[in-house]
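What follows is one structure encoded as structure tokens, with my remarks underneath.
The values are calculated or read from the model by the stated rules, or taken from the named source; none is laboratory data. This structure is a prediction, so every number in the text was calculated from the model and none was measured. Cβ placement follows ideal geometry from the backbone for every residue including glycine, while neighbour counts extend to all protein chains displayed. Accessible surface areas use protein heavy atoms only, side chains included; no ligands, DNA or RNA. Shrake-Rupley method; radii C 1.70, N 1.55, O 1.52, S 1.80 Å.
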Amino acid sequence: MLAARVPLAWRNLTANPWRLFLSLSGITFAVYLVFMQLGFRNAMLDSSIEFIRLLDGDLFIVSSSKYRMTTADPFPRRRLYQLVAHPAVKSASPLYMEQVTSMWKNPQDHSTHVIRVMAFDPYRPVFLIPEINSHLEELRLPDTVLVDSKCRGFIGRAPPGTRTELARRAVRVVGTFPLGTDFVVDGNVVMSDRNYLKFFPQRDSVEPRLRRVEIGVMKLVPGSDVAAAKASIALQLPRDVVAYTKREFMDFEKGYWKEVSPVGTVFAVGAVVGFVVGLVICYQVLFTDLSDQLPQFGTLKAIGYGNRYLERVVLTHALYLSLISFFVGCVLSYASYWMITGLTGLVMRMTLTLTIVMLVLTVSMCTIAGALATRKVVSADPAEVF
């Protein structure tokens, strides 16, 4: 009785363990390939906006000609002074960035690498990172910095107390913070605005003042309507700057990587290629299995089973393959995401959305292949099979 309840598709699938292993290996490879392509694409997008997500602001002011957050395109600091008088604005803090002359010396091998430097007034913090906000007192001291603990390996390890060089000046590391890298930035350093002026004097300023700001971080009065405040503030802004909400700022950065940068297109095409490869592999697997089992299907047709039943058996076979391959591919991809995140600092997450999308793609891939392979069974003539 128990044997009678086992679906025919499952018996066909498990009849030959070695063939089952080879079949699952091929389809799992395709699933893993698509998982990694989508994972890298999501890592590219998530890593690029992680910095914005951790800024402590409701609105953000940037140059209207800025097309990507990491490009150097500052605006005059006086624009922030003009906005402080707005009734909805609680504070407007400047954030300075440097990623051209910011040569960092690896404390271990003394090699030099470009690193992103971010600076702000320690009395007006702009980050939501507890590790930064807990070291504000130390940042007020001369020649002190905080170093991203998720920098790429070649930047070097810089625990608190490390002494090295930044922009050919001696610095002392007073702490670390977790932020991470992206496809442009290899690491991050945070310092005070006073130290920033000392290390990176602005050549277009006659007096030693910080006149050029990369990002203005604005906090609104509690209870303010962000959309209404943004619309009102936008009317006051000159054309050389533009205001974004946090969500708009993140979408702005994502838009560059998805629509302008060729990297986003490469990963999207890679995912499509992976799906097609998986479809071909799954079809070949099912076609081979059905060819070996053709006498069984011929017998079923000879004793009266219709094509619809045989098609259902084949599609169920494909469904079993897709579910098992998806589970194995998901586990392997999760392990790879974890390893890549630890090695590179990129934000690779196995999200619920990605998991559901991959499940749908895997089932669709195997179902389409199964539907194509059913022609082998439907067209089989019992008289010719035997």
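So the values come out like this:
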quantity	calculated
Reachable lysines, given that their alpha-carbon falls under 17 Å from the alpha-carbon of LYS254 and they are not under 8 places away in the same chain	LYS66, LYS246
Euclidean distance of C-alpha centroids, the range 213-245 and the range 76-132, integer Å	18
Relative frequency of Cα-Cα separations exceeding 21 Å in the range 108-179, percent	21
Cα gyration tensor of the chain - equivalent ellipsoid semi-axes, whole Å, descending	58, 23, 16
Residues of type lysines that LYS105 reaches as a straight line, Cα spacing below 19 Å, ignoring anything fewer than 8 places off in the same chain	LYS150, LYS198
Of LEU323, LEU22, LEU54, the one that fluctuates the most in a GNM where the chain has Cα springs shorter than 10 Å	LEU22
Dimensionless Rg ratio for the range 148-195, taking C-alpha atoms and the 2.2 N^0.38 Å reference	1.14
Whole-number D in µm²/s for the range 19-171 (Stokes-Einstein; Kirkwood sum over Cα pairs; 10 °C, 1.306 mPa s)	84
Kirkwood-based shape ratio for the range 15-75, expressed as Rg/Rh from alpha carbons	1.39
Bins of 10 Å, starting at 0 and running to the largest distance - Cα pair percent for the range 126-252	10, 31, 32, 22, 4
Fraction of accessible area attributable to carbon and sulfur, the chain (%, probe 1.4 Å)	61
Range of Cα positions in the range 245-305 per principal axis (Å), largest first	69, 22, 11
Sparse-neighbour loop sites [trypsin sites (Lys or Arg not before Pro); the range 205-280; at most 13 other C-beta within 10 Å; DSSP]	ARG209, ARG239
Probe 1.4 Å, protein heavy atoms only - accessible area per residue of the chain in square angstrom	49
Rg/Rg_globular for the range 273-361, with Rg_globular taken as 2.2 N^0.38 Å and Rg from C-alpha atoms	1.52
